[in-house]
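What follows is one structure encoded as structure tokens, with my remarks underneath.
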Amino acid sequence: MILDVISSSFSQGVVWAVMAIGVYITFRLLDIADLSAEGVFPLGGAIAAILITNGLNPFFATAAAFAGGAAGGLLAGWIHTKLHIPPLLTGILLQTGLYSVNFQVMGGRSNLALLGQETIFTPMEDMFGFSKNMSVTVLGLIILAIIIILLVLFLHTEMGLSLRATGDNPRMSEANGINTNRMKTLGYIIGNGLIALSGAMVAQKDGFADLSMGIGTIVIGLASVIIAEVVIPNQSIGFRLTSIILGSFIYRLIIDFILNQPWIDIRPTDLRLFSAILLGFVLYFPQIQRHFGSRKKSAVSGGAK
């Protein structure tokens, strides 16, 4: 029972980690809380689902989902940098507008099933005889490895360093000739592209795309990022990105264990509440660490006297 929960949590954590890395790009590298994730995530699922059901190769459909998310990021960047609308309102505008867009992408349906359709996970099931969870885990880890390697290489280029500098200190970056608006837009494009890619993977894993599948996405992404930072703090960019996989797994494991407790009557509709509580605790945890750290230092200095 416990091993089944752990296996399921890890396979889910792998595909959701792609989304969490997308959230990390805007939240940590650009210091922007991008709420458009809740519209872009189902957009990726909708694009992949409609293309697969119309006979397109699932890998091309997944790539198209990434492109659709990147286009959403480009629009978000344009709204924020050209129309000078604050990031929070930009995210709200985009996620609100994308609800209708996603509905149209799925052909006027709120739910689109992929049962019986070939997905990106099907080849591994057929070739190696893997179970669905194992196929999701293996292919998900391969995709994550490619994403992390490409991001690490990119973030050490001149453009990547400019993007990171924009998030650290926009005024100093502008003074050094960096086009911060362009860097913010680029961050939006990369982040939202990855979030849509995760949406496409989750839709193929679950066997359906749904308009409501993006609700709570930003909470899951932030929780995964912050859990990773608590567990493995102050590391290089490569370790930070890799640790998000662990953060995503821990988040899913906690939620799954809560849902599988026989002595607690928890319905699936309660999941958002527990997600919010968990995120609140994770956000407060660094304060607890600092509090106990300062008390320990005081005790040591008092003993020395």
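The values are calculated or read from the model by the stated rules, or taken from the named source; none is laboratory data. If you're wondering where the values come from, they're calculated on a predicted model, not measured in any experiment. Please note: Cβ atoms are built from the backbone with ideal geometry, for glycine as well, and neighbour counts cover all protein chains shown. Just the protein is used for accessible areas: all its heavy atoms, side chains included, with ligands, DNA and RNA removed. Shrake-Rupley method; radii C 1.70, N 1.55, O 1.52, S 1.80 Å.
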Item to check | Which numbered condition N169 fails, given (1) open to solvent by less than 30 Å² (accessible area, probe 1.4 Å); (2) closer than 24 Å to A76 by Cα | outcome: (1)
Next on the checklist: Given the criteria more than 30 Å from I50 (Cβ to Cβ), of a type in the set (K, R) and at pLDDT below 95, does R171 qualify?
Outcome noted: yes
Item to check | Flag for L3 being farther than 13 Å from L197 by Cα and not in a helix (DSSP H, G or I) | outcome: no
Next on the checklist: Name the single residue that is nearest to the chain's Cα centre (by Cα) among those in the range 11-29 being more than 21 Å from T137 (Cα to Cα) and open to solvent by 10 Å² or more (accessible area, probe 1.4 Å).
Outcome noted: F27
Next on the checklist: Given (1) of a type outside the set (G, A, S); (2) modelled with pLDDT of 95 or more; (3) crowded, with 21+ Cβ neighbours inside 10 Å, identify the lone condition not met by L151.
Outcome noted: (3)
Checklist entry - Only one of S243, S212 is surrounded by fewer than 20 Cβ atoms within 10 Å (Cβ to Cβ) and hydroxyl-bearing (S, T, Y); which? => result S212
Next on the checklist: Can you name every one of the helices (runs of 4 or more DSSP H) wholly within the range 36-120 that holds 3 or more residues which are open to solvent by 60 Å² or more (accessible area, probe 1.4 Å) and under 16 Å from G193 (Cβ atoms)?
Outcome noted: 58-82
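Can you tell me which of G177, G238, G207 is open to solvent by 60 Å² or more (accessible area, probe 1.4 Å), out of contact with any Phe, Trp or Tyr (no Cβ under 9 Å at 6 or more places or on another chain) and among the small types (G, A, S)? Working first, answer last.
On the way: G238 fails: open to solvent by 60 Å² or more (accessible area, probe 1.4 Å); G207 fails: open to solvent by 60 Å² or more (accessible area, probe 1.4 Å).
When all the criteria are applied, what remains is G177.
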Next on the checklist: Quick check on the range 243-263. Is at least one of its residues touching a helix residue (DSSP H, G or I) at 6+ places or on another chain (Cβ under 8 Å), modelled with pLDDT of 90 or more and not in a helix (DSSP H, G or I)?
Outcome noted: no
Checklist entry - Do we have S198 as in contact (Cβ under 8 Å) with a residue 24 or more places away in the chain, among the polar types (S, T, N, Q) and surrounded by fewer than 24 Cβ atoms within 10 Å (Cβ to Cβ) here? => result no
Checklist entry - Within the group A196, A223, A203, which residue is of a type in the set (A, V, I, L, M, F, W, C), within 21 Å of R272 (Cα to Cα) and more than 12 Å from the chain's Cα centre (by Cα)? => result A203
Next on the checklist: Looking at the range 131-149, I want the residues that are without any contact (Cβ under 8 Å) to a residue 40 or more places away in the chain and have a partner that is open to solvent by 20 Å² or more (accessible area, probe 1.4 Å) and assigned to a helix (DSSP H, G or I) with Cβ atoms under 7 Å, at least 6 apart or on another chain. Which pairs are those?
Outcome noted: S135/M124; S135/E125; V138/M124; L139/M124
Checklist entry - Given the conditions (1) of a type outside the set (D, E, K, R); (2) open to solvent by less than 90 Å² (accessible area, probe 1.4 Å); (3) closer than 26 Å to D206 by Cβ; (4) without any contact (Cβ under 8 Å) to a residue 12 or more places away in the chain, which single one is not true for G160? => result (3)
Checklist entry - Restricting attention to the range 116-133, does a residue exist that is of a type in the set (K, R) and farther than 17 Å from W16 by Cβ? => result no
Checklist entry - Does I226 count as in a helix (DSSP H, G or I) and touching a helix residue (DSSP H, G or I) at 6+ places or on another chain (Cβ under 6 Å)? => result yes
Next on the checklist: So E174 passes all but one of these: (1) of a type outside the set (V, I, T); (2) outside any helix (DSSP H, G or I); (3) without any contact (Cβ under 8 Å) to a residue 12 or more places away in the chain. Which condition number does it fail?
Outcome noted: (2)
